[in-house]
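The values are calculated or read from the model by the stated rules, or taken from the named source; none is laboratory data. What you see is a predicted model, and the numbers here were worked out from it, not measured in a lab. Virtual Cβ from ideal backbone geometry, glycine too; neighbours counted across all protein chains shown. Just the protein is used for accessible areas: all its heavy atoms, side chains included, with ligands, DNA and RNA removed. Shrake-Rupley method; radii C 1.70, N 1.55, O 1.52, S 1.80 Å.
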Amino acid sequence: MDFLYPNMLYALIALIIPIVVHLFNFRRHKLVYFSNTSILKTIEQENSKTKKLKYIITLIMRMLFLASIVVAFAFPYKKDNNTINNNVDNLIAIYIDNSMSMQSHSSEKTLFEDSRTSAMKLVENLNQAQKYVLLSNDRNPENEYPMNKDEMLQRLNEMKTEAPSTSIDDIYNSLAFIKKKNDFNSATLFVYSDFQNNTMASDDFKVDTTIQIVAFPLKSDFQNNIYIDSVWLQSPVLQKNMTNELNARIVNETANDIKGLPVNFSIDENVVAYTTCDIKADSYADVNMQFAVENEGDSKAKVAINDSPITFDDEYNLVLKVRPEINVVEIQSTVETNGRTSNNSLSLLFDGDALINYQSMNKYNIDQSIINNAQMIVVDNTELNETMQKSLIEFAEQGGTLLMIESQGQNVAESQSYNAYIYNHLGIKPIDFDDNETKLEYIAKRNSFFDDIFVELPDNADLPKVKKHVRFKIGKNVQNIISLQNGDPLLMMSNVGKGKIFVMSTSFDEEYSDLANHALFVPLMYKMALIGGNISELSFTLGVDKTLNINDVSLNVDDRISLKSDNAMYEIFPMIENRNGTNYISFFEDLPSSGFYDIYKNEEYIKTVAWNDNRSESEMSFYDKEELSELLKDNNLNVLMMVSPVEAHGRVSDDVVENIVNQSSLWKIFVIIALISLLIEILILRFWK
């Protein structure tokens, strides 16, 4: 048997105290006169033996009480009986959750600091020859190789805070891979986390029976939070000096109603809108603010509230991009002159418009760079190859508007291959050609597409006439937003990814319809152009978004893309990838923090992107000890110990850590001995007369 705190044994010197008390009893004796002293002598002889025995037993009980208490505080344990497999064949892995929620405070400091202090104490008391790995949310590869004790302590001391959240199954599976790669027989995983519900995935564990788990569920003193959940614009298209509306959802996760919470909206560090909101307990409220952007290009904007002590989600970053013009590209079968056709309806509509840059190209001579920069693409009465059709669908999925105009007549209805890839993707099929004159009858005014087109449409409105059209059979994912009198669809719309695909069943030529000469034509075409076009993302989320579309940036093979934080303190070089003519950049590692980052091509500024922390960590709901134990054991994991939240609260005590390293309940035995000896002493003094 060894002692964790052997210096406590010096307190055994205190055993002298009861001995001294019993040897030198300085109590005063009273003189009592009695007539028959012979009788007293007999009683005195009998009581003297009994009293001496009583004093000796009492002395022994007191000394036993003091000795047991001292030994218990010295923490006795058996060196050969460890909770963990503390040998060189067992890999010690320490996972410290360094997500944003771990920045919440306990009674003394943050949960992250509590975890790091406890982990360092743990490492200090383990075998000197032990090997360690440090796992964290930022998944630093420098920490995930077997280290010695000194290296591990240094890595713990240098550990970064405020990383994106990750799931416990990712950590567990990574440890299993590291253990196998480095030929360890077993591993022990110490998990320091607040075990937040939204970040506890549990359905992808690859169970390894040689991995033990010791869990420390930490608990914050502050579990009420108010945060900005999401932000969106009323109109996704921003125009210079044009009024738009910003909407923000504010969530109240407290037990109290919030009155008059200030919310401000700033652009380029200038406050442009301000409002207040009332939020009921455990609910949310949506606020809206009017604004206008004065400058073209990218503007750094921010929505902010004031809520403490949890502040990482009190700001929401976004980039407002005002395009100098909207690019509309029309693909046709005929050869164009100077990019335009003299009798083309779209050309006549958009010519001379400073907002619209219209270009027309032949389907046999398509300039991919122009396609990449377009906001709206019109395929006018043209059959495309499958590769081009796939490219156009991806264009729509990234936020563009694609308009398919069909007037090939019987050729469309009879051909099974005519633009079949697009139509099959939408779930529609041309079935016939109708050359009977009809007119528009129904417009889906309640559809969001028409929100800002019609103020009021009279019942007897003069609607366009259609002389010829292609009849389509449409599926459930396609909306028929304009119909003809015979029930055939004239204009169909389908949401595809972030954009929309429209299909017009007739041509704008006078031979087919008078739509191009009708008042409805202009708002229809402008609305399609305005809602389209690779609309820039307002923001991205740390730990979630790993790929960015940079299709609006023309790239050569030897070009280099880099991201720099707005204070130029951080720079990263992502991987560039081209998929079906679309440019993407992918990240090997997460960005260090939320904020604004500038994208450069060969040191030339391209654009700005905004990043926000994952709002899943804003929801202050956590697993308790019993729920966590059940969750882990339901996945057949080898849970060795679950440190109770009471022990883990504030700071994990040194005794708890030592008890994990050296399993021992001997101190409990000595406490029981002390209590029994104290009870015996009380009984002797009370009942032994």
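For the range 291-323, give me each residue that is part of a strand (DSSP E or B) and open to solvent by 20 Å² or more (accessible area, probe 1.4 Å). Break it down stepwise before answering.
If we filter the range 291-323 for residues that are part of a strand (DSSP E or B), which is where we start, we get 291-292, 297-304, 315-322.
Matches in the range 291-323: Ala292, Gly297, Asp298, Lys300, Lys302, Glu315, Tyr316, Lys321.
Enumerate the pairs (first residue in the range 665-689 and part of a helix (DSSP H, G or I); second residue anywhere and of a type outside the set (A, V, I, L, M, F, W, C) and open to solvent by 80 Å² or more (accessible area, probe 1.4 Å)) with beta-carbon separation below 9 Å, excluding pairs fewer than 6 apart on the same chain, so at least 6 apart or on different chains.
Leu666/Lys78
Would you confirm whether or not the range 647-661 contains a residue that is of a type in the set (Asp, Glu) and at pLDDT 80 or above?
So far as the range 647-661 goes, no, none of its residues is of a type in the set (Asp, Glu) and at pLDDT 80 or above.
When the range 134-177 is examined, which residues are found to be acidic (Asp, Glu), open to solvent by 20 Å² or more (accessible area, probe 1.4 Å), within 22 Å of Phe588 (Cβ to Cβ) and not in a loop (DSSP other than H, G, I, E, B)?
Residues satisfying the conditions are Glu142, Glu158, Asp170.
Among (1) open to solvent by 30 Å² or more (accessible area, probe 1.4 Å); (2) within 27 Å of Ile310 (Cα to Cα), there is one condition Asn636 misses while meeting the rest; what is its number?
So Asn636 meets the others, but not (2).
Pick out, from the range 371-463, the helices (runs of 4 or more DSSP H) lying fully within it that include 1 or more residues that are open to solvent by less than 10 Å² (accessible area, probe 1.4 Å) and either of a type in the set (Ser, Thr, Tyr) or at pLDDT 90 or above (or both).
So the answer is 386-397, 420-426.
Kindly provide the set of residues from the range 216-270 that are of a type in the set (S, T, N, Q) and in a strand (DSSP E or B), ordered by number.
Listed by number, the residues that qualify are Ser230, Thr243, Asn244, Asn247, Asn252, Asn264, Ser266, Asn270.
If Arg579 meets every condition in (1) charged (D, E, K, R); (2) under 23 Å from the mean Cα position of the chain (by Cα); (3) surrounded by fewer than 19 Cβ atoms within 10 Å (Cβ to Cβ); (4) modelled with pLDDT under 80 apart from one, which number is that one?
(2)
State whether the residues of the range 99-107 include one that is at pLDDT below 85, touching a strand residue (DSSP E or B) at 6+ places or on another chain (Cβ under 6 Å) and in a helix (DSSP H, G or I).
Looking for residues that are at pLDDT below 85, touching a strand residue (DSSP E or B) at 6+ places or on another chain (Cβ under 6 Å) and in a helix (DSSP H, G or I), one finds at least one in the range 99-107, hence yes.
Check whether at least one residue in the range 314-325 is within 30 Å of Ala519 (Cα to Cα), of a type in the set (A, V, I, L, M) and modelled with pLDDT of 90 or more, and report yes or no.
Checked against the condition, which is being within 30 Å of Ala519 (Cα to Cα), of a type in the set (A, V, I, L, M) and modelled with pLDDT of 90 or more, the range 314-325 yields no hits at all.
The rows are residues; the columns are (1) modelled with pLDDT under 90; (2) surrounded by fewer than 17 Cβ atoms within 10 Å (Cβ to Cβ).
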{"residue": "Asp229", "(1), (2)": "no, yes"}
{"residue": "Gln234", "(1), (2)": "yes, yes"}
{"residue": "Leu238", "(1), (2)": "yes, no"}
{"residue": "Asp257", "(1), (2)": "no, yes"}
{"residue": "Pro262", "(1), (2)": "no, yes"}
{"residue": "Asp268", "(1), (2)": "no, yes"}
{"residue": "Val271", "(1), (2)": "no, yes"}
{"residue": "Cys277", "(1), (2)": "no, no"}
{"residue": "Met289", "(1), (2)": "no, no"}
